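A.B. asks: This is the structure I want to talk about, given as structure tokens.
The values are calculated or read from the model by the stated rules, or taken from the named source; none is laboratory data. Only a predicted model underlies this, so the values are computations on that prediction, with no experimental measurement involved. So basically every Cβ, Gly included, is an ideal-geometry build from the backbone, and we count neighbours across all protein chains shown.
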Amino acid sequence: MNGNVSLATFCAVVLGLSAAGTPSPGVLEFENKDDWLASIGPLVTVDFVGFADGTLITDQYADLGVVFTDGDDRVACCDDITWPNDGAGMDGNGNITVVFDTPMAYIGVDFPGHMHFDLYRDGQLIYASSDFLPGGAGNFAGLISSQLFDMAVLMDVPPPFEAEIDDLHFGPPDCPADLDRDGAVGILDLLALLTAWGTDPGGPPDFDNDGTVGILDLLVLLAAWGECP
């Protein structure tokens, strides 16, 4: 196809084609925190500072949009070696389950030891991450997911080790129509939307959240065409 073809012409051609076989957007994994931060928008950070050692954490961060639901996740402090960010962290006494009040697109943790993520939407597992196995303290693991999630289970690997986190970071999509996370809304994002046409992906590209990718979602994507703000 000519590189100077108009968007309208391209859409007319693509809408008449089957999008079968076009890769759908997925999850990007990061071990470099700077690279992860450069790829996302505004985030929320939970640092566990200001609580006494052993404090049970449940809904103390509800105003930030997250609750810890296991009932046995406790603050661990005050140790600048294990928790180099700020001297405080969380001991999960097993896994650490976090539930968000709105669907999120990215999550990252600073942690000692090892880390694995399971991401859920409406109670269904949508992604199981690789195992991050650096060992020692001061590590980072982060995900960017094109399918939004409302719950994450953080675990040490292999079990039955206890998950520990220094800080937790999360946020919603900053440029929802940028499905391939390349910093712009373009042809690959359009192809991804067409691949999902008529389905319920549980997040983008169902931008209007009506349970089906359709015309209104296409219009949203076209309206966002170009560089992300």
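A.B. asks: Which of the numbered conditions does D166 fail, given that it passes all the others? Conditions: (1) in contact with a strand residue (DSSP E or B) (Cβ under 9 Å, 6 or more places away or on another chain); (2) loosely packed, with under 14 Cβ neighbours inside 10 Å; (3) among the charged types (D, E, K, R).
C.D. replies: Among (1) in contact with a strand residue (DSSP E or B) (Cβ under 9 Å, 6 or more places away or on another chain); (2) loosely packed, with under 14 Cβ neighbours inside 10 Å; (3) among the charged types (D, E, K, R), D166 violates only (2).
A.B. asks: From D110, D182, D131, which residue is surrounded by fewer than 17 Cβ atoms within 10 Å (Cβ to Cβ) and in contact with a helix residue (DSSP H, G or I) (Cβ under 9 Å, 6 or more places away or on another chain)?
C.D. replies: Answer to the selection: D182.
A.B. asks: I've got another one for you. Do any strands (runs of 3 or more DSSP E) entirely within the stretch 28-93 hold 2 or more residues that are in contact (Cβ under 8 Å) with a residue 40 or more places away in the chain and either in contact with a strand residue (DSSP E or B) (Cβ under 9 Å, 6 or more places away or on another chain) or among the hydroxyl-bearing types (S, T, Y) (or both), and if so, which?
C.D. replies: On the way: elements: 44-46, 66-68, 74-77, 88-91.
Hits in the stretch 28-93: 44-46, 88-91.
A.B. asks: All but one of (1) buried (at least 24 other Cβ atoms within 10 Å of the Cβ); (2) closer than 28 Å to D131 by Cβ; (3) of a type outside the set (F, W, Y) hold for L193, so report the exception by its number.
C.D. replies: For L193, the failing item is (2).
A.B. asks: Further, regarding this structure: Looking at the stretch 151-163 only, could you name the residues that are touching a His at 6+ places or on another chain (Cβ under 6 Å), buried (at least 20 other Cβ atoms within 10 Å of the Cβ) and part of a loop (DSSP other than H, G, I, E, B)? Break it down stepwise before answering.
C.D. replies: Keep residues of the stretch 151-163 that are touching a His at 6+ places or on another chain (Cβ under 6 Å), which gives 155-157.
Filter once more, keeping what is buried (at least 20 other Cβ atoms within 10 Å of the Cβ): 155-156.
Correct list: D156 only.
A.B. asks: Now for a separate question. Being of a type in the set (G, A, S) and under 22 Å from G94 (Cβ atoms) is the filter here; which residues of the stretch 44-61 pass it?
C.D. replies: Initially, the stretch 44-61 is screened for residues of a type in the set (G, A, S), giving 50, 52, 54.
A52, G54 - these are the residues of the stretch 44-61 that are of a type in the set (G, A, S) and under 22 Å from G94 (Cβ atoms).
A.B. asks: So which of D86, D101, D72 ends up being under 19 Å from F140 (Cα atoms) and of a type in the set (D, E)?
C.D. replies: Working: D101 fails: under 19 Å from F140 (Cα atoms); D72 fails: under 19 Å from F140 (Cα atoms).
Just one listed residue meets the conditions, D86.
A.B. asks: Restricting to the stretch 187-221, what's the tally of residues that are β-branched (V, I, T) and either part of a helix (DSSP H, G or I) or on the phi > 0 side of the Ramachandran plot (or both)?
C.D. replies: 4
A.B. asks: Next up: Got at least one residue in the stretch 52-66 being at pLDDT 95 or above, over 26 Å from G138 (Cβ atoms), assigned by TED's automatic domain parsing to the domain that holds A105 and among the β-branched types (V, I, T)?
C.D. replies: Looking for residues that are at pLDDT 95 or above, over 26 Å from G138 (Cβ atoms), assigned by TED's automatic domain parsing to the domain that holds A105 and among the β-branched types (V, I, T), one finds at least one in the stretch 52-66, hence yes.
A.B. asks: Taking the conditions exactly as written (farther than 26 Å from G41 by Cα and buried (at least 17 other Cβ atoms within 10 Å of the Cβ)), does G89 satisfy them or not? Explain how you work it out, then say what you get.
C.D. replies: Values: farther than 26 Å from G41 by Cα: no; buried (at least 17 other Cβ atoms within 10 Å of the Cβ): yes.
It is false that G89 is farther than 26 Å from G41 by Cα and buried (at least 17 other Cβ atoms within 10 Å of the Cβ).
A.B. asks: Touching an Asp or Glu at 6+ places or on another chain (Cβ under 7 Å) and either closer than 25 Å to A76 by Cβ or at pLDDT below 95 (or both): which single residue out of D180, D210 fits that description? Spell out how you get there, then give the answer.
C.D. replies: On the way: D210 fails: touching an Asp or Glu at 6+ places or on another chain (Cβ under 7 Å).
Every option except D180 fails the conditions.
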